[in-house]
Amino acid sequence: MQAFIEHLSKILEQRYILTQDEDKAPYLTDWRKRYIGKALAVLLPSTSDEVAAIVKLCAQNQVALVPQGGNTGFCGGATPDNSGKQVVLNLKRMNQIREIDIANQTITIEAGCILRALQEKALEHGFLFPLSLGAEGSCMIGGNLATNAGGTNVLRYGNARDLCLGLEVVTAKGEIWNGIKGLRKDNTGYDLRDLFIGSEGTLGIITAAVMKLYPLPVSQWTTLVACENIASTITLLNLFQKRASSLLTGFEMMTRESLDLNEKHFPHMANPLQGNSPFTVLIELSDHESEEHVRQLLETILEEAFEVKLISNAVIASNLTQANTFWHMREHITLAQAEEGANLKHDITIPLSSLDSFIQQTDALMRDKFPGVRIINFGHLGDGNLHYNIAPPLGVDPKIFNETNERQIHELVYGQVERCKGSISAEHGVGQLKLDGLRAHKGEVAHELMRALKTALDPQNILNPHKVVSI
Ligand SMILES: Cc1cc2nc3c(=O)[nH]c(=O)nc-3n(C[C@H](O)[C@H](O)[C@H](O)COP(=O)(O)OP(=O)(O)OC[C@H]3O[C@@H](n4cnc5c(N)ncnc54)[C@H](O)[C@@H]3O)c2cc1C
């Protein structure tokens, strides 16, 4: 392998080839500290040509690569295995904005661009880039596309896939596919762009992308409302969809347990709604007409919801600072869970019509089989996306609890997901965490098709092997 490292130094300056343990360490563990890998080297290229040359060299030497962006993924997709023979390819130095096309309302950016920097660049030019998630200060657009990230604006603008028009990708042979086109229509055969989006670095390395921009709304109003049961939250969502249509940009559900956990670890994040109701919903309307128009619409819908007893309490943010506080409260739940200790995460989607039945049955089964467990359930309800997470009973060591019960708990949840015709991964992807889950629940034909694609595009299995599918 010495010869391989020497060859690398013809592609990258020595300081961008990390081989010392202390230099590699930050790149070898995932955000949740669930996986710790080893690597031959961590490589930090700054151009697509460098990425292509590295992949070519890896292909010649049969060295596997693990692409990495901000390393905020929840499924261990960006963490190398334990062999010490893989290389991590971190794209953070590829962070240039290549072009902003005002007339076409698109931005062309490199994969290592941090999501927040992209949002800010769009804002500078008077546009909205709507992808928004708790990790936006560190996740990167390449990682967002590789995981087809969702977040809080999917209800109105779609997920990362829906926001992407074109891609540049380095293939497993080390060739560069130039699909950098800002087209909203292109029916020239198979959709290669969509193949790479959501493939978690197993089919190619995304080096740049053309993303859609949107006009900035003139006004946004945010409210928190209290609901007594999940059925009411869904009826409320349907009411907002009917009355506000595309002005509805956020609909996030938080259970009492998830907000209690928030308050325990971040006391300044206390729920401003009095009454301690079982479900709190954060709703956001965005309008291109006027502040009065959206405020009036929001008040009218809330009045109707009160009248038909869908909600028992509501507070409208009086200014932007308060609106941000509401959003921070929602986003802090993930951080509160991390503070509390290891928990078993399930990022699932269920058709809205089956959500009530899913929650009732799964909660009952979980409490029956694992007495005392704490169910921390919250999520992007507008998309039917729940983060249905399980923490051990109070006083029980999370590590021991998880080691003993992880498999059974995942299977219980995934069984219920299958019963409700849902998906075991809504937005976080598969990585190594859900490799077995995908094999068991995707369906045999679909799984075989995925394996066939992987074999065709990466026959040597050098791109993020044993993530998503094994061949
Ligand atoms: C606090 C917090 C909140 C979060 N909230 C959300 C949320 O609301 N919605 C959501 O969807 N996710 C959420 N996430 C998960 C995570 O932020 C997303 O999955 C994000 O898209 C990952 O981006 P990243 O740059 O960190 O990718 P990484 O973690 O570095 O990589 C993720 C996967 O993509 C692959 N990859 C990375 N870059 C490339 C590339 N250029 N080419 C090919 N493959 C690549 C990696 O190999 C890996 O398989 C959250 C995470 C945190 C920590």
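The values are calculated or read from the model by the stated rules, or taken from the named source; none is laboratory data. Owing to the predicted nature of the structure, the values given are computational and were not obtained by experimental measurement. Don't worry about glycine lacking a Cβ; one is built from the backbone with ideal geometry, like all the others, and counts go over all protein chains shown. Areas reflect the complete protein model, heavy atoms only, side chains present, ligands, DNA and RNA absent. Shrake-Rupley method; radii C 1.70, N 1.55, O 1.52, S 1.80 Å.
Considering only the range 151-171, state which residues are open to solvent by less than 10 Å² (accessible area, probe 1.4 Å) and within 9 Å of the ligand (Cβ to nearest atom). Scanning the range 151-171 gives Gly151, Ala160, Val169, Val170. Quick check: anything in the range 357-369 modelled with pLDDT of 95 or more, over 25 Å from Thr72 (Cα atoms) and among the acidic types (Asp, Glu)? Yes, because at least one residue in the range 357-369 is modelled with pLDDT of 95 or more, over 25 Å from Thr72 (Cα atoms) and among the acidic types (Asp, Glu).
Here is a yes/no grid of residues against (1) farther than 24 Å from Lys434 by Cα; (2) more than 16 Å from the ligand (Cβ to nearest atom); (3) open to solvent by 30 Å² or more (accessible area, probe 1.4 Å):
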site	(1), (2), (3)
Lys181	yes, yes, yes
Thr188	yes, yes, yes
Phe196	no, no, no
Gly201	no, no, no
Met211	yes, no, no
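Within the range 101-115, being free of Cβ contacts under 8 Å to residues at least 40 places away in the same chain and either out of contact with any strand residue (DSSP E or B) (no Cβ under 9 Å at 6 or more places or on another chain) or small (Gly, Ala, Ser) (or both) holds for one residue alone: Ala103.
Taking the listed residues Ala78, Ala103, the one that is under 22 Å from Leu167 (Cα atoms) and under 18 Å from the mean Cα position of the chain (by Cα) is Ala78, with no other qualifying. Considering only residues in the range 119-136 that are free of Cβ contacts under 8 Å to residues at least 24 places away in the same chain and more than 9 Å from the ligand (Cβ to nearest atom), the one that is surrounded by the fewest Cβ atoms within 10 Å (Cβ to Cβ) turns out to be Glu124.
Taking first residues from the range 455-471 that are within 23 Å of Gly73 (Cα to Cα) and partners that are part of a strand (DSSP E or B) and among the hydrophobic types (A, V, I, L, M, F, W, C), the Cβ contacts under 8 Å between residues at least 6 apart in sequence or on separate chains come to Ile462/Leu65; Leu463/Leu65; Leu463/Ile205; Asn464/Leu65; Asn464/Val66. Of the residues making up the range 437-458, those that are loosely packed, with under 13 Cβ neighbours inside 10 Å, within 27 Å of Val170 (Cα to Cα) and of a type in the set (A, V, I, L, M, F, W, C) are Ala446, Ala452, Ala456.
From the list Arg116, Arg15, exactly one residue is within 16 Å of the ligand (Cβ to nearest atom), open to solvent by 50 Å² or more (accessible area, probe 1.4 Å) and part of a helix (DSSP H, G or I). Which is it? Break it down stepwise before answering.
Working: Arg15 fails: within 16 Å of the ligand (Cβ to nearest atom).
Going through Arg116, Arg15 in turn, the sole match is Arg116.
For the range 56-82, give me the residue count where each residue is part of a helix (DSSP H, G or I) and within 11 Å of the ligand (Cβ to nearest atom).
0
Look at the range 337-354: where a residue is free of Cβ contacts under 8 Å to residues at least 60 places away in the same chain and a partner is more than 16 Å from the ligand (Cβ to nearest atom) and open to solvent by 30 Å² or more (accessible area, probe 1.4 Å), sitting 6+ places away or on another chain with Cβ atoms under 8 Å, you get Gly341/Pro398; Asn343/Pro398.
Mind checking which residues of the range 98-112 are closer than 17 Å to Asp49 by Cα and either modelled with pLDDT under 95 or among the hydrophobic types (A, V, I, L, M, F, W, C) (or both)? Correct list: Ile109, Ala111.
Being closer than 29 Å to Lys454 by Cβ and either open to solvent by 10 Å² or more (accessible area, probe 1.4 Å) or more than 22 Å from the chain's Cα centre (by Cα) (or both): is that true of Asn61 here? Spell out the reasoning first.
On the way: closer than 29 Å to Lys454 by Cβ: yes; either open to solvent by 10 Å² or more (accessible area, probe 1.4 Å) or more than 22 Å from the chain's Cα centre (by Cα) (or both): yes.
Against the criterion (closer than 29 Å to Lys454 by Cβ and either open to solvent by 10 Å² or more (accessible area, probe 1.4 Å) or more than 22 Å from the chain's Cα centre (by Cα) (or both)), Asn61 qualifies.
If a residue must be open to solvent by 40 Å² or more (accessible area, probe 1.4 Å) and either polar (S, T, N, Q) or within 13 Å of the ligand (Cβ to nearest atom) (or both), how many such residues does the range 83-97 contain?
Pass one, the range 83-97, residues open to solvent by 40 Å² or more (accessible area, probe 1.4 Å): 83, 85, 92-93, 95-97.
Checking which are either polar (S, T, N, Q) or within 13 Å of the ligand (Cβ to nearest atom) (or both) leaves us with 83, 92-93, 95-96.
The total comes to 5.
Scanning the range 83-109 for residues that are closer than 19 Å to Ile176 by Cβ and assigned to a loop (DSSP other than H, G, I, E, B) returns Leu91, Arg93, Met94, Asn95, Gln96. Counting only residues that are open to solvent by less than 40 Å² (accessible area, probe 1.4 Å) and more than 24 Å from the chain's Cα centre (by Cα), which one in the range 32-41 is nearest to the ligand (Cβ to nearest atom)? Looking at the filtered set, the residue picked out is Ala39. Checked against (1) away from the ligand (no atom under 12 Å from the Cβ); (2) within 27 Å of Gln460 (Cβ to Cβ), Gly142 meets all criteria but (1).
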